[in-house]
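Below you'll find the structure, written out as structure tokens, and then a few comments.
The values are calculated or read from the model by the stated rules, or taken from the named source; none is laboratory data. These numbers come from a predicted model, not from an experiment. Note that we place each Cβ from the backbone using ideal geometry, even for glycine, and neighbour counts take in every protein chain shown.
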Amino acid sequence: MSEEVLQAERERAIHLLRSGHSVPEVAEALGRSERWVRKWRKRFEEEGWEGLKSRSRRPHHLARQSPDEVRQAILEARSELEAEATKGEDLKFIGSPAIRTRLKEKGIEPLPSCRTIERVLHQAGMTRPSQTSNSQEPDYPRLRPDQPHTLVQVDIYPRHLQGGQPVACFNGLDVVSRRPVCRAYPRRRSQDAAHFLAYLWATVGVPRYTQVDNEACFSGGFSHPCVLGRVVRLALMAGTELVFSPVRHPRSQGAVERFHRTYARHVWEDTLLADIAQVNEQAELFVQRYIHRPHPQLGERTPEQVHRSRPARHLPTHFPDPSEPLPERLPLYAGRVHFIRKVDGEGRVKVLNRAWAVPGAAIGQGVWVTLTLTPQGAYLEVFDAAPDAPRRRRLVRHPFPVKEPILSWPQASLRKVPSLTAVFARLGNRLRTLIAALLSARCLGGSSAC
């Protein structure tokens, strides 16, 4: 018997033990002695999965199981996923959605819910303690998208290469389709942020909203008031509405923040990355596996399937080529930029390094601020809710100083939608042509009506 087969048998014994089978039951199932089972149980308790380098890949095709059999299958699947995560095999998911997917692959019926799986894991002592959140945070307005290409969250995940060199890992995630885009840069400069956003929009399409945090590379710095930086200008050129999250409030970027952990486990853990090229290569391998894997929160569809369920909006023709360096100076186009802010103790909000009064707002209230730029001028408005809220109230409007021309989008970049009058006129012309052709055919056929 080969070493690989022996290791698989040992691991199978551990799975059975952890799922609740006794030593005699495991020994009988594997055709081994009880002494052999106890030996490898002790080795596992002392060394963990390191001593068990492979697992049995024998398929399990079960008919309808009893509750006890389903419970054992849940625990066995969790044990298998933990072993795979430790060895770096496949994606490193071990939670209830991943367990449910594994049970579905094995043909377990009835398929338990994620809540049932979590209850079984908790009873068996195979869960991790959850973290509690701070209930004192303000109730910030937020977008509630229900279609892909509506909101993409972008954030930076700092890491270090094997030699200690810092790396800025930019990650973007469509919050509905869960379709990610990942790319690493040596620093987090405005040109790096702009390059990533151009790459993101060219790869997965231009969403209606692109949400970022308040780092200087996105906001344009913290010194000069009312300055519209490189990233803001690029977003206006692309036709997406940039949304700045609340200051020091990572939860507002919850989708991409959670994705950071998945990204780290599959790109950085158990891997020695020596340069940026290796990081991007490893990240792209992970992304391609991730987007084609059924996602439990997407109705067992893959992120790629959901993302492609609606047509993407492409970059306009006047946008710079994302494959080439961006120009140093970008023009200012018409559009909107949003800021989620908290009203301070003096009844103001700080936007673009300037305080704006919000009369009538409560101290500590979360508000939605929108900067609208048009060729005729610019103004800043403060609302009590997000743009997609069913009802919201404008609290105040301020003029916004702009010292340069605000350009309209070139007509070639706009999608021309014909009016109803033009559509009906075109249909009428086609109908008249068709009738004339039919009459002509009848006449040629010698009809008495001609």
Fill in the blank from the handout: Selection from the range 308-340 of residues aromatic (Phe, Trp, Tyr), part of a strand (DSSP E or B) and under 26 Å from the mean Cα position of the chain (by Cα) yields 339
Practice task
Return the only residue of 313, 348, 354 being without any contact (Cβ under 8 Å) to a residue 12 or more places away in the chain, surrounded by 15 or more Cβ atoms within 10 Å (Cβ to Cβ) and in the same structural domain as residue 234 (by TED's automatic domain parsing).
Solution key: 348
Practice task
Being touching a His at 6+ places or on another chain (Cβ under 8 Å) and among the small types (Gly, Ala, Ser) is the filter here, so list the residues in the range 91-113 that pass it.
Solution key: 107
Exercise for the section: Give the residue that is farthest from residue 168 (Cα to Cα), with candidates limited to residues of the range 268-292 that are hydrophobic (A, V, I, L, M, F, W, C), outside any loop (DSSP other than H, G, I, E, B) and in contact with a helix residue (DSSP H, G or I) (Cβ under 8 Å, 6 or more places away or on another chain). Expected result: 291
Problem - In the range 359-386, the residues that are at pLDDT 95 or above and either in contact with a helix residue (DSSP H, G or I) (Cβ under 7 Å, 6 or more places away or on another chain) or of a type in the set (A, V, I, L, M) (or both) - result: 367, 369, 371, 373, 378, 380, 382, 385, 386
Practice task
Being exposed (fewer than 14 other Cβ atoms within 10 Å of the Cβ), over 13 Å from residue 110 (Cα atoms), of a type in the set (D, E, K, R) and modelled with pLDDT under 85 narrows it down to one of 57, 35, so name that one.
Solution key: 57
Fill in the blank from the handout: Residue set 193, 238, 283; condition without any contact (Cβ under 8 Å) to a residue 40 or more places away in the chain, buried (at least 21 other Cβ atoms within 10 Å of the Cβ) and farther than 21 Å from residue 382 by Cβ; output residue 193
Exercise for the section: Filter the range 160-181 for residues that are surrounded by 22 or more Cβ atoms within 10 Å (Cβ to Cβ), touching a strand residue (DSSP E or B) at 6+ places or on another chain (Cβ under 9 Å) and more than 17 Å from residue 218 (Cα to Cα) and give the result. Expected result: 174, 175, 176, 179, 180, 181
Practice task
Within the range 166-173, identify whether any single residue is within 26 Å of residue 230 (Cβ to Cβ), touching a Lys or Arg at 6+ places or on another chain (Cβ under 8 Å), aromatic (Phe, Trp, Tyr) and modelled with pLDDT of 85 or more, and answer yes or no.
Solution key: yes
Practice task
State whether one or more residues within the range 130-141 are at negative phi, buried (at least 22 other Cβ atoms within 10 Å of the Cβ) and in contact (Cβ under 8 Å) with a residue 60 or more places away in the chain.
Solution key: yes
Practice task
Please tell me if residue 204 is touching a helix residue (DSSP H, G or I) at 6+ places or on another chain (Cβ under 6 Å), within 22 Å of residue 258 (Cβ to Cβ), touching a residue at least 24 places away in the same chain (Cβ under 8 Å) and of a type in the set (A, V, I, L, M).
Solution key: no
